[in-house]
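Structure first, then comments.
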Amino acid sequence: MHVQEWLETVPAVTVYTLVGVVIGLESLGIPLPGEIILVSSALLASQHGDVDPFVLGACASAGAIVGDSLGYAIGRKGGRPLLAWLGGKFPRHFSEAHIATAERSFEKWGMWAVFFGRFVALLRIFAGPLAGVLHMPYWKFLIANVFGGILWAGGTTAVIYYVGVVAEAWLKRFSWVGLVLAVLIGLTSMLVLKRRAKKAAAGQPAVEREPAAACE
């Protein structure tokens, strides 16, 4: 059964809980399809009045922020042995190459890696634990975590919800052509947002690209 088809069979409170838990676990460092669950739920909200998009976005944001914070605490306590353990459990996601890539991002961008990393699948999983391992000051991590989590979760929910509403209206008037166009618009918007996030991170002044070592 498709994710969205299954979500249609459960109560709204279950959808909110599932979104918050899955995104929270993904942010904590466990590779789960948080973005897929969020997109499917936001699309469901646009088609069924039982699921409130504002509550959905709030739950997704809370899951992202809490999950990242727990990941930070675990990473700070576990240190590099934790990364080695994760590499053994999830070699596909926590390989040495992936860890090295994520660590270079932190060394280059500092707290911006946490903020913009929310829009990149690899960094979304690594951000919390790796920030803790590298002893980034928690206040810096928290600021980037809160704003990044709200922008990613709230922005994704809003875009997909709007696309779904437009798609349904167009579908009644223009058959399947409206649905195809609306979905393409939504996907294009998400890709543009992610691309701008990467460019903005790369263009930060050198003084803001704090080495991880300076975070201790």
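Worth pointing out:
- Note on the stretch 43-70: among residues that are modelled with pLDDT under 90, of a type outside the set (A, V, I, L, M) and in a helix (DSSP H, G or I), the one that is surrounded by the fewest Cβ atoms within 10 Å (Cβ to Cβ) is Q47.
- Scanning the stretch 114-150 for residues that are assigned to a helix (DSSP H, G or I), among the aliphatic types (A, V, I, L, M) and within 22 Å of I36 (Cα to Cα) yields a total of 8.
- Total residues in the stretch 25-66, condition polar (S, T, N, Q) and within 15 Å of G154 (Cα to Cα): 4
- Restricting the stretch 13-58 to residues that are out of contact with any helix residue (DSSP H, G or I) (no Cβ under 7 Å at 6 or more places or on another chain) and aliphatic (A, V, I, L, M), the residue that is nearest to V163 (Cα to Cα): A58
The values are calculated or read from the model by the stated rules, or taken from the named source; none is laboratory data. Keep in mind that this is a model prediction, so the values were computed, not measured. Virtual Cβ from ideal backbone geometry, glycine too; neighbours counted across all protein chains shown.
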